Amino acid sequence: MGYKIFLLFEKFLMLLPASCRKAFFSFLASAGYLLSSRYRKVAYKNLNFLFEDKLSDGEKREIVKYSFKNLAFNFLHLLEIRHMSKEQLAKKITIKNIEAIEKVHKQNRCVIYVTTHYSSWELGGASIGAFIEPIIAVYKKMKNPTYQEWLLESRAHFGNINLEKTNVVKPLIRFLKQGYASGLLIDTNINEKDGVIVNFMGKEIRQTTTPAYLARKFDAAIIPVAMRTDDEENYTLMIFDEIKVERTDDIKADIQKATQLQADWLSNLISNEPKFWFWLHRRFKNDYPDIYKN
């Protein structure tokens, strides 16, 4: 019953002008910032951990506020994507450096898109699927199966294929062998067995080795991608040059180096424009659990 009401509300929102939907979700973001002390604290703890005293209190406050807004707009984009045509999406998206992908395709190699919770990651995934190639998008199983179905329908709207992350490597290998591209997040909290220690913005944290492992084993190309915007109306899909994975006799060293290069890319991205990253999640809870206490 609750889901049916939610779908009716979705239809009502889609009848409104886009500017009204945007204003409504901006209001929700402001309310979330004021009412959710838990996630405000998480965001400030993350900022203090990574930037220490390099940012003023005012700068941190604006970043935290924007993180709530960014989360709300990602939900809005999920809603809109479900009702969007390629032509409508094309009016919102500019793709930068698609030559990096074309170069890999000319070599008949698969692409592993490494990405992050940065700006509108939902529009980013949709844009790759709509204008470049379908991707196998890895997701984490959600507690609410009904909402998960709704979310995955949106993410599959432009041809992407959703793959749950539990024991994901074997299915990813199968898809890679069939020539599919994949999309992997590299900024989530992971367990000790699932990654290696890298230097990330001056801190030692654990990061997934899956992109480097797959790229090395199957001669795929690691291509970082991220979104950004100046006005929350027009978005740029930023495609970065390939992160090379060496193939020496030392497999562990090759994977470690390529994983560190991904961490360097993400460190630079966040350092240059920190407001776009998703500061509301406990990214470092396994490596540094003490920072989230009290």
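If you put +1 on each Lys and Arg Cβ and -1 on each Asp and Glu Cβ, how big is the dipole of the range 136-294 around its Cα centre, in Debye rounded to 20?
740 debye
Looking at the range 2-292, send over the antiparallel percent of its DSSP beta bridges, to the nearest 5.
Antiparallel: roughly 40 percent of the beta bridges in the range 2-292.
What distance in nm separates the simple spin-label points at LYS217 and LEU35, each placed 7 Å from Cα in the Cβ direction?
Here the answer is 4.6 nm between the modelled labels.
If a paramagnetic tag sat 7 Å from the Cα of ASN108 along the Cα-Cβ line, which residues of the range 199-231 would have the backbone N under 15 Å from that point?
Inside the label zone: 219-220.
What ranking, highest mean first, results for peptides 230-238, 149-157 when packing means the other Cβ atoms within 10 Å averaged over each residue?
The peptides rank, most packed first, as 149-157, 230-238.
Dipole of the chain, Cα-centred, from +1 at each Lys and Arg C-beta and -1 at each Asp and Glu C-beta, to the nearest 20 debye?
With only Lys, Arg, Asp and Glu charged at Cβ, the dipole is about 860 debye.
Which value at 222 nm does the chain reach when only helices count, each DSSP H run of 4 or more adding -39,500 (n - 2.57), with the total divided by all residues and rounded to the nearest 500 deg cm²/dmol?
-16000 deg cm²/dmol
Identify, among THR188, ASN272, ALA258, the residue whose Cα sits farthest towards the positive end of the charge dipole of the range 180-294, taking +1 on the Cβ of Lys and Arg and -1 on the Cβ of Asp and Glu, with the dipole about the Cα centre.
With unit charges placed on the Cβ atoms, the residue in question is THR188.
Please arrange THR209, THR248, THR188 by counting, for each residue, the other beta carbons lying within 10 Å of its beta carbon, fewest first.
With the sparsest Cβ surroundings first, the list reads THR248, THR188, THR209.
Kirkwood-based Rg over Rh for the range 121-174 (C-alpha set), two decimals?
0.98
Order the peptides 105-116, 82-93, 263-274, 4-15 from the highest to the lowest mean number of other Cβ atoms within 10 Å of their residues.
Peptide ranking by packing, descending: 105-116, 263-274, 82-93, 4-15.
List, in the order given, every pair from LYS60/LYS141; LYS69/LYS143; LYS170/LYS193; LYS69/LYS92 whose Cα-Cα distance in the structure shown is over 20 Å.
In this structure, LYS60/LYS141; LYS69/LYS143 lie more than 20 Å apart at Cα.
Would you kindly work out the equivalent ellipsoid of the range 137-294 from its C-alpha gyration tensor and give its semi-axes, the square roots of five times the eigenvalues, largest first in whole Å?
23, 22, 18
In cubic angstrom, how much convex hull volume per residue do the alpha carbon atoms of the chain span?
141 Å³
What Rg and what Dmax come out for the range 53-115 when only alpha-carbon atoms are used, in angstroms?
17.8, 49
Treat the range 228-281 as a sphere of radius equal to its Kirkwood radius over Cα pairs and apply Stokes-Einstein at 25 °C in a medium of 0.890 mPa s; give the translational diffusion coefficient in µm²/s, rounded to a whole number.
In µm²/s, the coefficient is 182.
Taken together, the values in this text are just the output of simple stated rules run on the coordinates, not laboratory data. Quantities reported herein were computed from a predicted structural model and do not represent experimental measurements. Please note: Cβ atoms are built from the backbone with ideal geometry, for glycine as well, and neighbour counts cover all protein chains shown.
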